[in-house]
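**Student:** One structure, as structure tokens, below. Some questions next.
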Amino acid sequence: AARLLDVRDLRVEFRTRDGIAEAVGGVSYAVDAGRTLAVLGESGSGKSVTAQAVMGILDSPPGRVTGGQVLFRGRDLLTMGAEERRRIRGAALAMIFQDALSALNPVLPVGAQLAEMYEVHRGMSRRDARRRAVELMDRVRIPAAGQRAGDYPHQFSGGMRQRIMIAMAMALEPDLIIADEPTTALDVTVQAQVMELLAELRREYAMGLVLITHDLGVVADVADTIAVMYAGRIVETAPVRDLYRRPAHPYTRGLLDSVPRVDDRGERLYAIKGAPPSPLALPSGCPFHPRCPRAQEVCRVERPPLYEVTADAGADGRTSACHFWKEELHA
Ligand code: SF4
Ligand code: MG
């Protein structure tokens, strides 16, 4: 399959009142056409910031890309001319956000917002664009799409609004969609339906899909590969089944063991004690060591590189940033 996106050693800093925070400390991941990569991590792990840097929508300042490459079909989005970058980001790359209500225009009917995409980017007449907009609303299974095209975003349920966001992202038939917590605000049944719709569209259009989430349960059925992030870095990558069966990093194991209870903020409770570190005060050595049940003296001193996980037959492309990945794999 064609390589669509190849993020290499991406680094992002934020200037804060308390100093410079390394929010993304050298992240690499790749997505091929027709494949789904899930990027998993707790909030503050750098997964959204990485995506924003890829899309060119970092809040800058205070955010700044300080290194790395973002290759889209082999060309670096970070160094190409502004005009070409705009063209690619407008049509070939699309993003879906968690909060559809704030991503959509509140004072324009949704049909008109979709039609505008076709008018502006495809030069369609208003009439043709409106017809296409309704077809698309129908495709993402908005009931009575023809009638509902005249409704405003706030008149839709959360799940229907997220379908409209998906329609907006799909309108120009992009090569790649990055979806940042696309179902987090929805209840569990609706989450599954929206995720299934995304997976179905991904197959139908042979797109690449990057799914950013804090909830492994949501992406387990639709992802091909998972990249786990912690403290601004990737700590493990693996095909989804391998990662489930035999994680090669203690943090991943902690996520897998997380109990499906819900606390008062509506977040999953993790079996891992403690909280992720501030990017302004990363622990020495392995940034996970204060929370790691497997930590040894070396973990406090030496930062683990991203090791290739090779012991497992058929473990191609697996990586783990743990000094003791072998022990973890065979635990
Ligand atoms: Fe735990 Fe050490 Fe591995 Fe870090 S390197 S995850 S502290 S065992
Ligand atoms: Mg986020």
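**Student:** Go through segment 38-47 and give me each residue that's within 26 Å of A2 (Cα to Cα) and either in a strand (DSSP E or B) or hydroxyl-bearing (S, T, Y) (or both).
**Tutor:** Hits for segment 38-47 are A38, V39, L40.
**Student:** Is segment 30-49 home to any residue that is over 19 Å from P276 (Cβ atoms), β-branched (V, I, T) and under 13 Å from the mean Cα position of the chain (by Cα)?
**Tutor:** Among the residues of segment 30-49, at least one is over 19 Å from P276 (Cβ atoms), β-branched (V, I, T) and under 13 Å from the mean Cα position of the chain (by Cα), which makes the answer yes.
**Student:** Here's a follow-up. Taking segment 75-98, which residues are within 16 Å of ligand 2 (Cβ to nearest atom) and assigned to a loop (DSSP other than H, G, I, E, B)?
**Tutor:** Passing the criteria: F97, Q98.
**Student:** Among what's in segment 21-47 and is of a type in the set (S, T, N, Q) and modelled with pLDDT of 95 or more, pick the residue that is surrounded by the fewest Cβ atoms within 10 Å (Cβ to Cβ).
**Tutor:** Per the criteria, the residue is S28.
**Student:** Yes or no: segment 48-66 includes at least one residue that is assigned to a strand (DSSP E or B), surrounded by fewer than 20 Cβ atoms within 10 Å (Cβ to Cβ), within 15 Å of ligand 2 (Cβ to nearest atom) and not hydrophobic (A, V, I, L, M, F, W, C).
**Tutor:** Yes - at least one qualifying residue is present in segment 48-66.
**Student:** Are any residues in segment 196-252 over 12 Å from T36 (Cα atoms) and acidic (D, E), and if so, which ones?
**Tutor:** Scanning segment 196-252 gives E196, E204, D215, E236, D242.
**Student:** Which ones in segment 181-211 are within 24 Å of F156 (Cα to Cα) and under 11 Å from the mean Cα position of the chain (by Cα)?
**Tutor:** Residues satisfying the conditions are E181, P182, L211.
**Student:** Would you confirm whether any residue within segment 253-273 is modelled with pLDDT under 90, within 12 Å of ligand 1 (Cβ to nearest atom), closer than 28 Å to V188 by Cα and not assigned by TED's automatic domain parsing to the domain that holds V27?
**Tutor:** Scanning segment 253-273 turns up at least one residue that is modelled with pLDDT under 90, within 12 Å of ligand 1 (Cβ to nearest atom), closer than 28 Å to V188 by Cα and not assigned by TED's automatic domain parsing to the domain that holds V27.
**Student:** A further question on this structure: Can you name the condition, by its number, that A115 falls short on among (1) without any contact (Cβ under 8 Å) to a residue 24 or more places away in the chain; (2) out of contact with any helix residue (DSSP H, G or I) (no Cβ under 9 Å at 6 or more places or on another chain); (3) closer than 30 Å to G146 by Cα?
**Tutor:** (2)
**Student:** Let me ask you something else. State all residues of segment 1-20 that are within 19 Å of F72 (Cα to Cα) and surrounded by fewer than 19 Cβ atoms within 10 Å (Cβ to Cβ); if no residue qualifies, say none.
**Tutor:** A1, A2, R3, D6, R8, D9, R11
**Student:** I'm told R35 meets every condition in (1) within 14 Å of L4 (Cβ to Cβ); (2) among the charged types (D, E, K, R); (3) without any contact (Cβ under 8 Å) to a residue 40 or more places away in the chain except one. Can you identify the failing condition by its number?
**Tutor:** (3)
**Student:** Is it the case, given these coordinates, that D221 is touching a residue at least 40 places away in the same chain (Cβ under 8 Å) and among the charged types (D, E, K, R)?
**Tutor:** Answer is no for this residue.
The values are calculated or read from the model by the stated rules, or taken from the named source; none is laboratory data. In this text the structure is predicted, and so the values were computed from the model without any measurement. Here the Cβ is made from the backbone with ideal geometry for all residues, glycine too, and neighbour counts use every protein chain on show.
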